[in-house]
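Chemist: I'd like to ask some things about the structure below.
The values are calculated or read from the model by the stated rules, or taken from the named source; none is laboratory data. Given the structure is predicted, the values throughout are model-derived calculations rather than measurements. Glycine also receives a Cβ, built like all others from the backbone with ideal geometry; neighbour counts cover every protein chain displayed. Ligands, DNA and RNA are excluded from the accessible area calculation, which covers all protein heavy atoms including side chains. Shrake-Rupley method; radii C 1.70, N 1.55, O 1.52, S 1.80 Å.
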Amino acid sequence: MDFVQNFPCFSIVLCMVAGIVSTPMKGKQAKRVTLTVITLVAVMSVITLMYTMSTGSSFIYTMGKFPAPWGNEIRVGVLEALLATVFSLVTLFSLLGGIDLIFHDVEAEKVNLFFILVDLLLSSMLAIIYTNDLFTSYVFVEINTIAACGMILIRGNGRSMVAATRYMVMSLIGSGLFLIGLAMLYDITGHLLMQNAHLALTELIGRGAYEVPILVIISFITVGLAIKSGLYPFHSWMPDAYGYSTASSSAILSGLVSKSYIILLIKIFYRVIGFDNVVTSKIVNVLFIFGLIGMIMGSISAIMAKDIYRMIAYSSVAQIGYIYMGIGLGIEAGMIAAVFHILTHAVTKSLLFLSAKGLNEVSGRKRLFPYLQGAAFRNPLAGASFLIGSLSMVGIPMLAGFIAKMLFATAAVEVGDIKTLSTLIVLAISTVLNAVYFLHTVIRIYTPVNEPEEFHGIHIRPKMGAALALLCLVVLNFVLGLMSQPITDLIEQGIHMFA
(Lines give C-alpha, C1' and ligand atoms only; values in the text may rest on other atoms or scores of the structure.)
Protein backbone atom coordinates (compact mmCIF):
# COMPACT_ATOMS: atom_id res chain seq x y z
CA MET A 1 0.00 0.00 0.00
CA ASP A 2 1.32 3.44 -0.92
CA PHE A 3 1.83 5.78 2.05
CA VAL A 4 -0.46 8.39 0.49
CA GLN A 5 -3.39 6.05 1.01
CA ASN A 6 -3.13 6.75 4.75
CA PHE A 7 -3.82 10.46 4.29
CA PRO A 8 -7.65 10.34 4.35
CA CYS A 9 -7.61 8.44 7.64
CA PHE A 10 -4.89 10.75 9.00
CA SER A 11 -7.02 13.77 8.09
CA ILE A 12 -10.07 12.54 10.01
CA VAL A 13 -8.10 11.41 13.06
CA LEU A 14 -5.92 14.54 13.11
CA CYS A 15 -8.95 16.81 13.28
CA MET A 16 -10.46 14.76 16.13
CA VAL A 17 -7.16 14.75 18.03
CA ALA A 18 -6.88 18.52 17.55
CA GLY A 19 -10.28 18.92 19.21
CA ILE A 20 -9.14 16.85 22.20
CA VAL A 21 -5.77 18.57 22.49
CA SER A 22 -7.38 22.03 22.35
CA THR A 23 -9.68 21.35 25.30
CA PRO A 24 -7.37 22.68 28.08
CA MET A 25 -5.93 25.46 25.91
CA LYS A 26 -6.74 29.13 25.83
CA GLY A 27 -8.43 30.66 22.79
CA LYS A 28 -5.33 31.86 20.96
CA GLN A 29 -3.52 28.56 21.47
CA ALA A 30 -6.56 26.61 20.23
CA LYS A 31 -6.70 28.92 17.21
CA ARG A 32 -3.08 28.11 16.28
CA VAL A 33 -3.65 24.37 16.66
CA THR A 34 -6.83 24.44 14.56
CA LEU A 35 -5.35 26.56 11.76
CA THR A 36 -2.24 24.36 11.65
CA VAL A 37 -4.27 21.14 11.52
CA ILE A 38 -6.66 22.41 8.84
CA THR A 39 -3.70 23.54 6.72
CA LEU A 40 -2.14 20.08 7.03
CA VAL A 41 -5.45 18.46 6.13
CA ALA A 42 -5.74 20.69 3.06
CA VAL A 43 -2.22 19.71 1.96
CA MET A 44 -2.93 16.01 2.46
CA SER A 45 -6.21 16.34 0.57
CA VAL A 46 -4.44 17.96 -2.39
CA ILE A 47 -1.82 15.18 -2.42
CA THR A 48 -4.57 12.55 -2.24
CA LEU A 49 -6.35 14.22 -5.17
CA MET A 50 -3.17 14.20 -7.24
CA TYR A 51 -2.59 10.54 -6.34
CA THR A 52 -6.10 9.40 -7.38
CA MET A 53 -5.80 11.42 -10.59
CA SER A 54 -2.50 9.74 -11.42
CA THR A 55 -3.77 6.21 -10.72
CA GLY A 56 -7.18 6.76 -12.33
CA SER A 57 -8.85 4.47 -9.81
CA SER A 58 -10.24 4.47 -6.28
CA PHE A 59 -8.76 2.64 -3.31
CA ILE A 60 -10.09 1.07 -0.11
CA TYR A 61 -8.43 1.75 3.26
CA THR A 62 -9.41 -0.88 5.84
CA MET A 63 -9.49 0.47 9.40
CA GLY A 64 -7.58 -1.80 11.80
CA LYS A 65 -6.92 -4.31 8.99
CA PHE A 66 -10.15 -6.17 9.78
CA PRO A 67 -11.88 -7.36 6.58
CA ALA A 68 -15.57 -6.90 5.78
CA PRO A 69 -18.09 -7.33 7.25
CA TRP A 70 -16.37 -6.80 10.64
CA GLY A 71 -14.01 -4.00 9.63
CA ASN A 72 -14.69 -0.39 8.80
CA GLU A 73 -13.61 1.04 5.49
CA ILE A 74 -12.65 4.31 3.90
CA ARG A 75 -13.11 4.52 0.15
CA VAL A 76 -11.27 7.22 -1.79
CA GLY A 77 -11.69 8.14 -5.44
CA VAL A 78 -11.21 11.29 -7.48
CA LEU A 79 -14.52 12.84 -6.40
CA GLU A 80 -13.98 12.20 -2.68
CA ALA A 81 -10.48 13.70 -2.84
CA LEU A 82 -11.75 16.74 -4.79
CA LEU A 83 -14.55 17.35 -2.28
CA ALA A 84 -12.18 16.94 0.69
CA THR A 85 -9.78 19.44 -0.88
CA VAL A 86 -12.47 22.07 -1.43
CA PHE A 87 -14.05 21.51 2.00
CA SER A 88 -10.75 21.84 3.87
CA LEU A 89 -9.70 24.94 1.90
CA VAL A 90 -13.05 26.66 2.38
CA THR A 91 -12.98 25.84 6.12
CA LEU A 92 -9.49 27.35 6.38
CA PHE A 93 -10.44 30.52 4.49
CA SER A 94 -13.71 30.87 6.42
CA LEU A 95 -11.80 30.81 9.69
CA LEU A 96 -9.16 33.25 8.50
CA GLY A 97 -11.78 35.61 7.10
CA GLY A 98 -13.77 35.91 10.31
CA ILE A 99 -11.23 35.06 12.98
CA ASP A 100 -11.05 38.60 14.43
CA LEU A 101 -14.81 38.60 15.08
CA ILE A 102 -14.65 35.22 16.83
CA PHE A 103 -12.76 36.87 19.70
CA HIS A 104 -15.27 39.75 19.63
CA ASP A 105 -18.53 37.77 19.40
CA VAL A 106 -17.63 34.81 21.64
CA GLU A 107 -16.94 35.03 25.37
CA ALA A 108 -13.22 34.68 26.13
CA GLU A 109 -13.61 31.44 28.09
CA LYS A 110 -15.57 29.87 25.20
CA VAL A 111 -13.22 30.74 22.34
CA ASN A 112 -11.30 27.47 22.62
CA LEU A 113 -14.65 25.63 22.50
CA PHE A 114 -15.40 27.31 19.17
CA PHE A 115 -12.21 25.93 17.65
CA ILE A 116 -12.90 22.48 19.14
CA LEU A 117 -16.28 22.54 17.37
CA VAL A 118 -14.61 23.52 14.09
CA ASP A 119 -12.18 20.59 14.45
CA LEU A 120 -15.04 18.16 15.08
CA LEU A 121 -17.09 19.63 12.24
CA LEU A 122 -14.31 19.24 9.67
CA SER A 123 -13.55 15.74 10.95
CA SER A 124 -17.19 14.71 10.57
CA MET A 125 -17.51 16.20 7.08
CA LEU A 126 -14.35 14.41 5.91
CA ALA A 127 -15.62 11.15 7.40
CA ILE A 128 -18.96 11.56 5.61
CA ILE A 129 -17.09 12.16 2.35
CA TYR A 130 -14.71 9.21 2.75
CA THR A 131 -16.56 6.50 4.68
CA ASN A 132 -17.70 3.31 3.02
CA ASP A 133 -19.81 2.24 6.01
CA LEU A 134 -23.44 3.24 6.48
CA PHE A 135 -23.54 3.24 10.27
CA THR A 136 -20.28 5.18 10.46
CA SER A 137 -21.86 7.76 8.19
CA TYR A 138 -24.80 8.07 10.62
CA VAL A 139 -22.45 8.50 13.59
CA PHE A 140 -20.58 11.32 11.90
CA VAL A 141 -23.83 12.89 10.69
CA GLU A 142 -24.76 13.23 14.37
CA ILE A 143 -21.33 14.61 15.28
CA ASN A 144 -21.76 17.07 12.42
CA THR A 145 -25.17 18.09 13.73
CA ILE A 146 -24.02 18.62 17.32
CA ALA A 147 -20.93 20.58 16.29
CA ALA A 148 -22.94 22.78 13.90
CA CYS A 149 -25.55 23.42 16.59
CA GLY A 150 -22.79 24.40 19.02
CA MET A 151 -21.34 26.86 16.51
CA ILE A 152 -24.73 28.55 16.21
CA LEU A 153 -25.30 28.57 19.97
CA ILE A 154 -21.87 29.75 21.03
CA ARG A 155 -22.62 33.48 20.70
CA GLY A 156 -24.94 33.02 23.66
CA ASN A 157 -27.55 35.68 22.82
CA GLY A 158 -31.28 35.08 22.65
CA ARG A 159 -31.53 34.98 18.86
CA SER A 160 -28.71 32.46 18.48
CA MET A 161 -30.32 30.22 21.12
CA VAL A 162 -33.65 30.25 19.28
CA ALA A 163 -31.84 29.60 15.98
CA ALA A 164 -29.90 26.68 17.50
CA THR A 165 -33.11 25.19 18.91
CA ARG A 166 -34.86 25.36 15.54
CA TYR A 167 -31.83 23.85 13.85
CA MET A 168 -31.64 21.00 16.36
CA VAL A 169 -35.36 20.16 16.15
CA MET A 170 -35.40 20.01 12.34
CA SER A 171 -32.08 18.22 12.19
CA LEU A 172 -33.15 15.56 14.68
CA ILE A 173 -36.28 14.86 12.64
CA GLY A 174 -34.07 14.36 9.59
CA SER A 175 -31.62 12.18 11.56
CA GLY A 176 -34.46 10.03 12.87
CA LEU A 177 -35.83 9.34 9.40
CA PHE A 178 -32.34 8.62 8.11
CA LEU A 179 -31.65 6.17 10.93
CA ILE A 180 -34.97 4.36 10.40
CA GLY A 181 -34.09 3.98 6.72
CA LEU A 182 -30.64 2.57 7.56
CA ALA A 183 -32.12 0.16 10.13
CA MET A 184 -34.61 -1.17 7.58
CA LEU A 185 -31.85 -1.46 4.97
CA TYR A 186 -29.69 -3.46 7.37
CA ASP A 187 -32.68 -5.64 8.25
CA ILE A 188 -33.24 -6.79 4.67
CA THR A 189 -29.61 -6.90 3.49
CA GLY A 190 -27.64 -7.80 6.62
CA HIS A 191 -24.81 -5.44 5.64
CA LEU A 192 -23.57 -1.97 6.59
CA LEU A 193 -20.63 -1.66 4.17
CA MET A 194 -21.92 0.16 1.11
CA GLN A 195 -20.66 -2.23 -1.54
CA ASN A 196 -21.92 -5.32 0.31
CA ALA A 197 -25.33 -3.72 0.91
CA HIS A 198 -25.49 -2.78 -2.77
CA LEU A 199 -24.85 -6.36 -3.91
CA ALA A 200 -27.51 -7.73 -1.55
CA LEU A 201 -30.01 -5.03 -2.54
CA THR A 202 -29.38 -5.62 -6.25
CA GLU A 203 -30.11 -9.32 -5.79
CA LEU A 204 -33.36 -8.56 -3.92
CA ILE A 205 -34.52 -6.06 -6.55
CA GLY A 206 -33.61 -8.48 -9.32
CA ARG A 207 -36.02 -11.11 -8.02
CA GLY A 208 -38.73 -8.59 -7.09
CA ALA A 209 -38.50 -9.08 -3.33
CA TYR A 210 -39.28 -6.44 -0.68
CA GLU A 211 -40.55 -3.92 -3.24
CA VAL A 212 -42.53 -1.82 -0.73
CA PRO A 213 -39.88 -1.90 2.05
CA ILE A 214 -37.19 -0.86 -0.46
CA LEU A 215 -39.34 2.07 -1.60
CA VAL A 216 -39.85 3.07 2.04
CA ILE A 217 -36.10 2.83 2.67
CA ILE A 218 -35.30 5.07 -0.29
CA SER A 219 -37.97 7.56 0.82
CA PHE A 220 -36.85 7.71 4.48
CA ILE A 221 -33.18 8.14 3.65
CA THR A 222 -33.90 10.77 0.99
CA VAL A 223 -36.37 12.80 3.04
CA GLY A 224 -34.18 12.60 6.15
CA LEU A 225 -31.11 13.99 4.40
CA ALA A 226 -33.21 16.52 2.46
CA ILE A 227 -34.52 17.91 5.76
CA LYS A 228 -31.00 18.13 7.18
CA SER A 229 -29.68 19.91 4.10
CA GLY A 230 -32.49 22.51 4.10
CA LEU A 231 -34.46 21.61 0.98
CA TYR A 232 -37.61 23.73 0.68
CA PRO A 233 -39.99 23.57 2.60
CA PHE A 234 -37.70 22.26 5.39
CA HIS A 235 -35.63 25.44 5.34
CA SER A 236 -37.17 27.47 8.18
CA TRP A 237 -34.10 27.05 10.41
CA MET A 238 -31.64 28.42 7.84
CA PRO A 239 -32.14 32.23 7.95
CA ASP A 240 -31.72 32.47 11.72
CA ALA A 241 -28.98 29.82 11.92
CA TYR A 242 -26.88 31.58 9.30
CA GLY A 243 -27.96 35.11 10.14
CA TYR A 244 -27.16 35.15 13.87
CA SER A 245 -23.95 33.10 13.94
CA THR A 246 -20.44 34.50 13.81
CA ALA A 247 -19.15 35.29 10.32
CA SER A 248 -16.94 32.18 10.21
CA SER A 249 -19.77 29.99 11.45
CA SER A 250 -22.16 31.34 8.81
CA ALA A 251 -19.59 30.78 6.06
CA ILE A 252 -18.90 27.18 7.13
CA LEU A 253 -22.51 26.27 7.89
CA SER A 254 -23.97 27.65 4.67
CA GLY A 255 -21.11 26.68 2.38
CA LEU A 256 -20.24 23.22 3.66
CA VAL A 257 -22.40 21.58 6.32
CA SER A 258 -25.63 21.39 4.31
CA LYS A 259 -23.68 20.11 1.30
CA SER A 260 -22.10 17.27 3.28
CA TYR A 261 -25.56 15.71 3.73
CA ILE A 262 -26.24 16.00 -0.01
CA ILE A 263 -22.90 14.34 -0.75
CA LEU A 264 -23.86 11.46 1.54
CA LEU A 265 -27.21 11.15 -0.25
CA ILE A 266 -25.46 10.99 -3.63
CA LYS A 267 -23.09 8.29 -2.31
CA ILE A 268 -26.01 6.22 -1.07
CA PHE A 269 -27.86 6.66 -4.37
CA TYR A 270 -24.91 5.36 -6.35
CA ARG A 271 -23.02 3.03 -4.04
CA VAL A 272 -25.86 1.42 -2.09
CA ILE A 273 -29.20 1.64 -3.90
CA GLY A 274 -27.99 2.11 -7.47
CA PHE A 275 -28.99 5.28 -9.28
CA ASP A 276 -31.08 3.41 -11.85
CA ASN A 277 -33.14 1.95 -9.01
CA VAL A 278 -33.56 5.43 -7.49
CA VAL A 279 -34.83 6.76 -10.82
CA THR A 280 -37.20 3.80 -11.14
CA SER A 281 -38.62 4.54 -7.68
CA LYS A 282 -39.66 8.04 -8.94
CA ILE A 283 -38.23 9.69 -5.81
CA VAL A 284 -36.12 11.88 -8.10
CA ASN A 285 -39.32 13.44 -9.45
CA VAL A 286 -40.22 14.57 -5.93
CA LEU A 287 -36.75 16.06 -5.46
CA PHE A 288 -37.05 17.76 -8.83
CA ILE A 289 -40.38 19.43 -7.97
CA PHE A 290 -39.28 20.66 -4.55
CA GLY A 291 -35.97 21.79 -6.02
CA LEU A 292 -37.79 23.97 -8.56
CA ILE A 293 -40.09 25.39 -5.87
CA GLY A 294 -37.10 26.11 -3.64
CA MET A 295 -35.33 27.97 -6.44
CA ILE A 296 -38.26 30.40 -6.70
CA MET A 297 -39.41 30.66 -3.08
CA GLY A 298 -35.88 31.06 -1.73
CA SER A 299 -35.25 33.91 -4.15
CA ILE A 300 -38.56 35.63 -3.34
CA SER A 301 -37.76 35.42 0.39
CA ALA A 302 -34.31 36.88 -0.29
CA ILE A 303 -35.87 39.83 -2.11
CA MET A 304 -38.14 40.48 0.90
CA ALA A 305 -35.31 40.26 3.46
CA LYS A 306 -34.47 43.46 5.32
CA ASP A 307 -30.86 42.76 6.22
CA ILE A 308 -27.87 41.42 4.32
CA TYR A 309 -27.28 38.25 6.35
CA ARG A 310 -30.86 37.00 6.00
CA MET A 311 -30.77 37.84 2.30
CA ILE A 312 -27.69 35.65 1.82
CA ALA A 313 -29.25 32.92 3.97
CA TYR A 314 -32.45 32.83 1.91
CA SER A 315 -30.29 32.75 -1.20
CA SER A 316 -28.89 29.47 0.14
CA VAL A 317 -32.42 28.05 0.13
CA ALA A 318 -32.60 28.80 -3.60
CA GLN A 319 -29.15 27.33 -4.26
CA ILE A 320 -30.03 24.11 -2.40
CA GLY A 321 -33.02 23.97 -4.75
CA TYR A 322 -30.65 24.14 -7.74
CA ILE A 323 -28.71 21.13 -6.45
CA TYR A 324 -31.79 19.00 -5.84
CA MET A 325 -33.24 20.03 -9.19
CA GLY A 326 -30.07 18.71 -10.85
CA ILE A 327 -30.30 15.43 -8.95
CA GLY A 328 -34.00 15.24 -9.80
CA LEU A 329 -33.30 15.33 -13.53
CA GLY A 330 -32.39 11.67 -13.09
CA ILE A 331 -29.44 11.59 -15.50
CA GLU A 332 -25.67 11.68 -15.13
CA ALA A 333 -25.37 15.18 -16.62
CA GLY A 334 -27.76 16.51 -13.99
CA MET A 335 -25.73 14.86 -11.22
CA ILE A 336 -22.50 16.37 -12.58
CA ALA A 337 -24.16 19.80 -12.59
CA ALA A 338 -25.39 19.26 -9.02
CA VAL A 339 -21.93 18.28 -7.74
CA PHE A 340 -20.31 21.19 -9.55
CA HIS A 341 -22.84 23.53 -7.95
CA ILE A 342 -21.94 22.09 -4.54
CA LEU A 343 -18.38 23.30 -5.16
CA THR A 344 -19.62 26.62 -6.54
CA HIS A 345 -21.91 27.26 -3.61
CA ALA A 346 -19.26 26.26 -1.05
CA VAL A 347 -16.81 28.81 -2.42
CA THR A 348 -19.22 31.62 -3.30
CA LYS A 349 -21.47 31.54 -0.25
CA SER A 350 -18.48 31.63 2.09
CA LEU A 351 -17.15 34.59 0.11
CA LEU A 352 -20.47 36.42 0.43
CA PHE A 353 -20.80 35.91 4.19
CA LEU A 354 -17.22 36.98 4.88
CA SER A 355 -17.47 40.06 2.66
CA ALA A 356 -20.82 40.93 4.27
CA LYS A 357 -19.01 40.83 7.60
CA GLY A 358 -16.51 43.37 6.29
CA LEU A 359 -19.32 45.64 5.06
CA ASN A 360 -21.12 45.29 8.38
CA GLU A 361 -18.00 46.31 10.32
CA VAL A 362 -17.86 49.72 8.64
CA SER A 363 -21.59 50.33 9.02
CA GLY A 364 -21.81 50.59 12.77
CA ARG A 365 -22.20 46.77 12.95
CA LYS A 366 -25.75 47.26 11.65
CA ARG A 367 -27.06 44.76 9.10
CA LEU A 368 -30.08 46.59 7.70
CA PHE A 369 -29.67 47.73 4.11
CA PRO A 370 -30.06 51.51 4.75
CA TYR A 371 -26.99 51.45 7.02
CA LEU A 372 -24.93 49.61 4.38
CA GLN A 373 -25.20 52.41 1.83
CA GLY A 374 -21.71 53.40 0.70
CA ALA A 375 -20.10 50.55 2.70
CA ALA A 376 -18.05 49.45 -0.31
CA PHE A 377 -16.21 52.76 -0.23
CA ARG A 378 -15.47 52.37 3.48
CA ASN A 379 -14.15 48.82 2.96
CA PRO A 380 -13.14 48.48 -0.72
CA LEU A 381 -11.91 44.86 -0.53
CA ALA A 382 -15.09 43.61 1.10
CA GLY A 383 -17.16 45.56 -1.45
CA ALA A 384 -15.26 44.14 -4.42
CA SER A 385 -15.47 40.61 -2.97
CA PHE A 386 -19.22 40.93 -2.44
CA LEU A 387 -19.59 42.21 -6.01
CA ILE A 388 -17.73 39.19 -7.43
CA GLY A 389 -19.69 36.75 -5.27
CA SER A 390 -22.96 38.38 -6.33
CA LEU A 391 -22.08 38.27 -10.01
CA SER A 392 -21.19 34.60 -9.65
CA MET A 393 -24.55 33.80 -8.05
CA VAL A 394 -26.36 35.70 -10.79
CA GLY A 395 -24.45 33.75 -13.44
CA ILE A 396 -22.04 36.18 -15.10
CA PRO A 397 -19.51 34.51 -17.47
CA MET A 398 -16.00 33.65 -16.23
CA LEU A 399 -17.35 32.97 -12.74
CA ALA A 400 -18.36 29.66 -11.17
CA GLY A 401 -22.09 30.39 -11.04
CA PHE A 402 -22.29 30.84 -14.81
CA ILE A 403 -20.81 27.40 -15.44
CA ALA A 404 -23.16 25.78 -12.92
CA LYS A 405 -26.25 27.29 -14.56
CA MET A 406 -24.98 26.35 -18.01
CA LEU A 407 -24.47 22.75 -16.86
CA PHE A 408 -28.01 22.63 -15.43
CA ALA A 409 -29.47 23.99 -18.68
CA THR A 410 -27.45 21.54 -20.80
CA ALA A 411 -28.54 18.62 -18.62
CA ALA A 412 -32.18 19.72 -18.84
CA VAL A 413 -32.03 19.77 -22.64
CA GLU A 414 -30.56 16.26 -22.58
CA VAL A 415 -33.55 14.92 -20.60
CA GLY A 416 -35.96 15.79 -23.43
CA ASP A 417 -39.32 15.64 -21.63
CA ILE A 418 -41.49 17.93 -19.49
CA LYS A 419 -38.53 18.41 -17.16
CA THR A 420 -36.67 20.21 -19.94
CA LEU A 421 -39.16 23.03 -20.36
CA SER A 422 -39.89 23.42 -16.64
CA THR A 423 -36.18 23.50 -15.77
CA LEU A 424 -35.33 26.12 -18.38
CA ILE A 425 -38.28 28.34 -17.40
CA VAL A 426 -37.56 28.17 -13.67
CA LEU A 427 -33.83 28.59 -14.28
CA ALA A 428 -34.53 31.80 -16.22
CA ILE A 429 -36.95 33.13 -13.58
CA SER A 430 -34.57 32.28 -10.75
CA THR A 431 -31.69 34.02 -12.53
CA VAL A 432 -33.74 37.19 -12.87
CA LEU A 433 -34.71 37.02 -9.19
CA ASN A 434 -31.05 36.44 -8.26
CA ALA A 435 -30.17 39.58 -10.14
CA VAL A 436 -32.87 41.56 -8.35
CA TYR A 437 -31.70 40.94 -4.80
CA PHE A 438 -27.95 40.65 -5.35
CA LEU A 439 -27.59 43.63 -7.66
CA HIS A 440 -29.93 45.66 -5.44
CA THR A 441 -27.46 45.07 -2.60
CA VAL A 442 -24.45 45.84 -4.81
CA ILE A 443 -26.04 49.12 -5.92
CA ARG A 444 -26.78 49.97 -2.28
CA ILE A 445 -23.21 49.42 -1.06
CA TYR A 446 -21.76 51.33 -4.03
CA THR A 447 -24.11 54.32 -3.72
CA PRO A 448 -22.23 57.32 -2.26
CA VAL A 449 -23.72 58.79 0.87
CA ASN A 450 -23.08 61.68 3.20
CA GLU A 451 -21.71 59.70 6.09
CA PRO A 452 -23.56 59.97 9.39
CA GLU A 453 -21.50 61.08 12.35
CA GLU A 454 -21.26 57.52 13.71
CA PHE A 455 -19.63 56.31 10.46
CA HIS A 456 -17.31 59.30 10.07
CA GLY A 457 -13.72 58.15 9.70
CA ILE A 458 -14.62 54.43 9.54
CA HIS A 459 -12.56 53.36 6.56
CA ILE A 460 -10.75 50.16 7.39
CA ARG A 461 -8.19 48.02 5.68
CA PRO A 462 -8.89 44.34 6.41
CA LYS A 463 -6.35 42.44 8.45
CA MET A 464 -3.91 40.25 6.58
CA GLY A 465 -5.76 36.99 7.32
CA ALA A 466 -9.16 38.35 6.31
CA ALA A 467 -7.77 39.92 3.14
CA LEU A 468 -5.98 36.68 2.20
CA ALA A 469 -9.15 34.66 2.76
CA LEU A 470 -11.27 36.93 0.56
CA LEU A 471 -8.68 36.97 -2.21
CA CYS A 472 -8.28 33.18 -2.14
CA LEU A 473 -12.05 32.63 -2.33
CA VAL A 474 -12.24 35.07 -5.25
CA VAL A 475 -9.45 33.16 -7.01
CA LEU A 476 -11.21 29.83 -6.39
CA ASN A 477 -14.34 31.30 -7.93
CA PHE A 478 -12.47 32.24 -11.08
CA VAL A 479 -10.71 28.85 -11.14
CA LEU A 480 -14.10 27.10 -11.13
CA GLY A 481 -15.33 29.47 -13.82
CA LEU A 482 -12.32 29.44 -16.14
CA MET A 483 -11.12 25.86 -15.61
CA SER A 484 -14.50 24.19 -15.46
CA GLN A 485 -13.83 21.51 -18.07
CA PRO A 486 -11.06 19.69 -16.16
CA ILE A 487 -13.12 19.94 -12.98
CA THR A 488 -16.30 18.57 -14.56
CA ASP A 489 -14.19 15.79 -16.10
CA LEU A 490 -12.96 14.90 -12.60
CA ILE A 491 -16.53 14.92 -11.29
CA GLU A 492 -17.66 12.66 -14.13
CA GLN A 493 -14.74 10.32 -13.53
CA GLY A 494 -15.55 10.25 -9.80
CA ILE A 495 -19.21 9.44 -10.41
CA HIS A 496 -18.19 6.56 -12.68
CA MET A 497 -15.96 5.31 -9.85
CA PHE A 498 -18.99 5.50 -7.54
CA ALA A 499 -20.99 3.32 -9.88
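Chemist: Take every Cα pair under 8 Å in segment 1-153 that's 6+ residues apart, average their separations, divide by the length, and report that relative contact order as a whole percent.
Modeler: Numbers: 194 pairs, mean separation 48.5, N = 153.
This gives 32 percent for segment 1-153.
Chemist: Measure out, as a whole number of angstrom, how far apart the alpha-carbon centroids of segment 130-150 and segment 158-203 sit.
Modeler: 10
Chemist: Please list 3J(HN,Hα) in residue order for segment 183-199, calculated via the Karplus relation 6.51 cos²θ - 1.76 cosθ + 1.60 where θ = phi - 60°; whole Hz, with x for glycine and proline.
Modeler: Karplus-based 3J(HN,Hα) across segment 183-199 equals 5, 5, 5, 5, 5, 9, 10, x, 9, 10, 5, 4, 5, 5, 5, 5, 5 Hz.
Chemist: Sorted by packing (mean other beta-carbon atoms within 10 Å per residue), highest first, where do 177-189, 108-120, 421-433, 90-102 land?
Modeler: Values: 177-189: 18.8, 108-120: 21.5, 421-433: 16.7, 90-102: 24.5.
Answer by packing, highest mean first, reads 90-102, 108-120, 177-189, 421-433.
Chemist: Can you tell me the order of 334-347, 38-51 when each peptide is scored by its average per-residue count of other Cβ atoms within 10 angstrom, highest first?
Modeler: Ranking the peptides 334-347, 38-51 by packing returns 334-347, 38-51.
Chemist: Straight-line reach from Lys65: which lysines have Cα under 28 Å away, leaving out those fewer than 8 places along the same chain?
Modeler: Lys267
Chemist: Taking Cα centroids, how far is segment 385-440 from segment 5-50 in Å?
Modeler: 36
Chemist: For Phe369, what is the net charge nearby, where nearby means another residue's Cβ is under 13 Å from its Cβ and Lys, Arg count +1, Asp, Glu -1? Mind showing how you got there, number by number?
Modeler: Working: positive: Lys306, Arg310, Lys366, Arg367, Arg444; negative: Asp307.
Here the count lands on +4.
Chemist: For Glu211 and Arg32 in the same chain, what is the full-extension length gain: residue separation times 0.36 nm, less their Cα-Cα distance, in nm? Please list the in-between numbers first.
Modeler: Values: separation 179, 0.36 × 179 = 64.44 nm, distance 5.30 nm.
Here the segment from Glu211 to Arg32 would lengthen by 59.1 nm.
Chemist: Would you please give the FRET efficiency between Thr39 and Leu172, computed as 1/(1 + (r/R0)^6) with r the Cβ-Cβ distance and R0 = 25 Å, to the nearest 0.05? Show your work: numbers first, answer last.
Modeler: Numbers: r = 33 Å, r/R0 = 1.33.
Efficiency for this residue pair is about 0.15.
Chemist: Cα to Cα, under 22 Å, and not fewer than 8 places away if on the same chain: which lysines meet these conditions relative to Lys405?
Modeler: Lys259, Lys349, Lys419
Chemist: Identify all lysines with a Cα-Cα distance to Lys31 below 20 Å; exclude those on the same chain that are fewer than 8 residues away in sequence.
Modeler: Lys110, Lys357, Lys463
Chemist: Same structure again: For Leu204 and Val479, FRET efficiency with R0 = 41 Å and r from the beta-carbon atoms, rounded to 0.05?
Modeler: Efficiency computed from Cβ-Cβ geometry: 0.40.
Chemist: Accessible area, 1.4 Å probe, largest first: how do Phe234, Phe498 sort?
Modeler: Values: Phe234 65, Phe498 10 Å².
Final ranking, largest accessible area leading: Phe234, Phe498.
Chemist: Just grab the label-to-label distance for Phe10 and Glu414, each label 7 Å out from Cα along the Cβ direction, in nm (one decimal).
Modeler: Spacing of the two 7 Å Cα→Cβ label points: 3.6 nm.
Chemist: Under 8 Å for C-alpha pairs, at least 6 residues apart: give me the relative contact order for the chain, rounded to a whole percent.
Modeler: Numbers: 842 pairs, mean separation 75.1, N = 499.
For the chain, the relative contact order is 15 percent.
Chemist: Using packing as a proxy for protection, rank 53-63, 286-296 so that the peptide with the highest average count of other Cβ atoms within 10 Å comes first. Present the calculation step by step, with values, prior to reporting the outcome.
Modeler: Values: 53-63: 13.7, 286-296: 21.5.
Result, highest mean first: 286-296, 53-63.
Chemist: Also, quick follow-up: Using the Cα atoms of segment 124-205, I'd like the radius of gyration and the largest Cα-Cα distance, Dmax, both in angstrom.
Modeler: Final numbers for Rg and Dmax: 16.0, 53 Å.
Chemist: Given a Förster distance of 30 Å, report the FRET efficiency between Met50 and Val139 from their Cβ-Cβ distance, rounded to the nearest 0.05.
Modeler: The value I calculate is 0.50.
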